[in-house]
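Asker: Please find one structure pasted underneath; my questions will follow.
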Amino acid sequence: MGWRHDVEVVIDAPVERCRHWLPRTFGRLESIDADTTRLVSSTDEPEWYAAQLANLPMSFHLVGSPEVRAAMTELGQRLLAAAEPG
């Protein structure tokens, strides 16, 4: 916490499963209900943060952070382009 860009993510998984995938240094995890977790954090590196979120094996929704949203969009476009046949 305390970096330039605030981040809020809702993850479609229980908080204990999220703890397995996200180290404490990544942000604060809060249980919303038995099946949903909120991740609250901040970053100075939106591109890095977007790439780390992409590693999660469960679905999630970025609630805040236009900077991370832009980085996620760019990453997604690069991945889709890379998957195109040669």
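Asker: Quick check: anything in the range 64-76 open to solvent by 80 Å² or more (accessible area, probe 1.4 Å) and more than 10 Å from the chain's Cα centre (by Cα)?
Answerer: yes
Asker: Moving to a separate point now. Here are the criteria: (1) farther than 20 Å from residue 74 by Cβ; (2) open to solvent by less than 60 Å² (accessible area, probe 1.4 Å). Tell me which single one residue 56 does not satisfy.
Answerer: So the condition that residue 56 fails would be (1).
Asker: Please find, among 4, 17, 24, 28, the residue that is over 22 Å from residue 79 (Cβ atoms) and surrounded by 12 or more Cβ atoms within 10 Å (Cβ to Cβ).
Answerer: Answer to the selection: 17.
Asker: Determine if the range 35-48 includes at least one residue that is among the hydroxyl-bearing types (Ser, Thr, Tyr), more than 14 Å from residue 6 (Cα to Cα) and surrounded by 13 or more Cβ atoms within 10 Å (Cβ to Cβ).
Answerer: There is at least one residue in the range 35-48 that is among the hydroxyl-bearing types (Ser, Thr, Tyr), more than 14 Å from residue 6 (Cα to Cα) and surrounded by 13 or more Cβ atoms within 10 Å (Cβ to Cβ).
The values are calculated or read from the model by the stated rules, or taken from the named source; none is laboratory data. Not measured: the values here are computed from a predicted model. Every residue, glycine among them, receives a Cβ derived from its backbone with ideal geometry; neighbour counts consider all protein chains shown. Just so you know, the surface numbers come from the protein's heavy atoms only, side chains and all, with ligands and any DNA or RNA stripped out. Shrake-Rupley method; radii C 1.70, N 1.55, O 1.52, S 1.80 Å.
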